[in-house]
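So the structure is just underneath, and the comments pick up after that.
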Amino acid sequence: MADKDYYEILGVDRNADAKTIKRAFLKKARVLHPDVNKAPDAEEKFKQVNEAYAVLSDERKRANYDRYGTADGPGGFGSDYVDMSDIFGGGFGIDDIFDSFFGGGNSKGGHSTRTYGRDMAINLRISLADAASGCTKTISYERLAPCDDCGGTGFAPGGKETTCTRCHGTGRIVEVQRTIFGQMQTQSTCPACHGTGKVVDKPCETCAGQGRTPSHETAQVEIPAGIHSGQSIKISGKGEAGLRGARSGDLVVRVEIAEDKRFDRQGDDLYCQVKVDALEAMIGTTCTIDGILPDEKVVVNIPAGCQFGQQIHIPRYGMPRFGSHARGDLVAVAQVHVPEDLSETQQQRVQEIVAERGGLTTEREQRESRDADPAYERRAEHEAASTHRHPRRQRKGRK
């Protein structure tokens with residue numbers, strides 16, 4: 001069972017529909033938000049309400065919560081689902097969303113308010129394999145969305161928009177104060193219409209006449225094959241909703257590609273390491289490795305005499321080029337290693353090959369070589385005498 005009863009926190013039944021859950025959330029959020037409630041426990045209660053709404057407003061999270069008592073469930077959501085709630089690269093968060101909601105989109109100073117919605121930016125991290133093949137991600141995030149109850153108009157049934165009587169449609173009010181220096185004139189945004197110059201005579205109770213409410217949303221992001229880290233994808237109209245039906249902003253998804261364990265991307269080329277037995281590197285061989293695309297096999301031809309660090313290029317097995325059917329190259333970097341599991345017979349064969357090339361591989365051959373050298377004994381006697389006359393050399397040599 002869950003540690004927290006989200007239905008109880010929002011005050012709704014377990015079979016409540018999405019609209020009922022959203023209305024309950026907004027009703028409690030208006031009362032508990034720290035901007036309007038200064039009680040010591042208001043902020044903590046607001047966080048609980050927001051957490052409950054974030055789970056119950058998401059179909060996948062709610063289904064897991066109902067079945068397993070946790071939003072993630074036993075196996076998570078899979079790689080196609082990414083929860084971006086309250087993680088906005090463009091400076092947006094749940095507090096920022098509520099600040100806009102309670103302020104009505106009000107701008108500072110005496111200028112008219114911005115009625116259109118702002119663009120929202122988020123960072124989406126994907127794997128190199130997803131970037132190679134292209135993919136679709138479902139992202140879950142918070143935004144000011146058009147109000148469901150009034151259709152984004154801000155009007156209750158029979159309501160309409162009229163000119164603000166306080167500022168007479170200018171969106172600004174001018175106040176004159178008497179000071180010791182004379183009269184001082186100040187200009188500020190009209191608090192009645194929030195700078196729009198218009199008011200609603202019968203506002204929607206859910207959105208308080210704004211035509212938009214804080215909402216938990218999902219969006220589909222189509223990631224094209226070959227995308228590079230830092231490139232952005234724009235989803236029109238999925239940013240902040242405008243006031244009373246004004247234009248919504250866009251959702252800008254900035255893609256970040258995680259480092260891959262096997263491949264190093266350089267442009268559209270991919271670099272990887274290939275382990276090669278030293279004996280096979282001498283005579284040449286072939287090996288098969290997994291490519292970057294699903295179920296892709298790549299044959300790497302190791303040339304005879306291959307050296308450590310040598311690069312073998314395999315054309316058209318790198319990353320797909322963005323917006324094209326072409327591909328970069330795969331570059332296999334040979335990691336030549338000496339085998340350590342040769343049998344005694346195999347070692348003797350290698351010794352014979354080295355001997356044929358002029359090498360001295362056995363103790364007997366080394367002894368025969370010393371016997372055949374007439375100056376060898378004289379050099380040995382000279383070194384022994386020198387060590388006897390200069391014992392410090394001996395100690396130094398031993399050190």
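Just so you know, all these numbers are worked out from the coordinates, no wet-lab data involved. Here the structure is a predicted model, which is why all the values come from computation and not from measurement. As a convention, Cβ positions derive from the backbone with ideal geometry for all residues, glycine included, and neighbour counts pool all protein chains shown.
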| remark: Cα convex hull volume per residue for the stretch 1-77, in Å³, equals 86 Å³
| task | Please order Met282, Met120, Met184 by the number of other Cβ within 10 Å, starting at the fewest. | result | Met184, Met282, Met120
| request: Determine the shape class of the stretch 210-288: with a ≥ b ≥ c the square roots of the Cα gyration tensor eigenvalues, call it rounded for a/c under 1.5, and otherwise prolate if a/b is greater than b/c, oblate otherwise. | output: prolate
| Rounded, prolate or oblate (a/c below 1.5 giving rounded, otherwise prolate when a/b exceeds b/c) for the stretch 123-262 by Cα gyration tensor | oblate
| Karplus (6.51, -1.76, 1.60) ³J(HN,Hα), θ = phi - 60°, over the stretch 189-197, in Hz, Gly and Pro reported as x | 5, 5, x, 7, 10, 6, x, 7, x
| said: If packing is taken as the average count of other Cβ atoms within 10 Å, what order do 288-294, 196-202 fall into, highest mean first? | reply: 196-202, 288-294
| Paramagnetic label zone (point 7 Å from Cα along Cα-to-C-beta, Arg316; backbone N under 20 Å) in the stretch 291-305 | 291-302
| Got a sec? How would Phe155, Phe308 order by Cβ neighbour count within 10 Å, fewest to most? | Phe308, Phe155
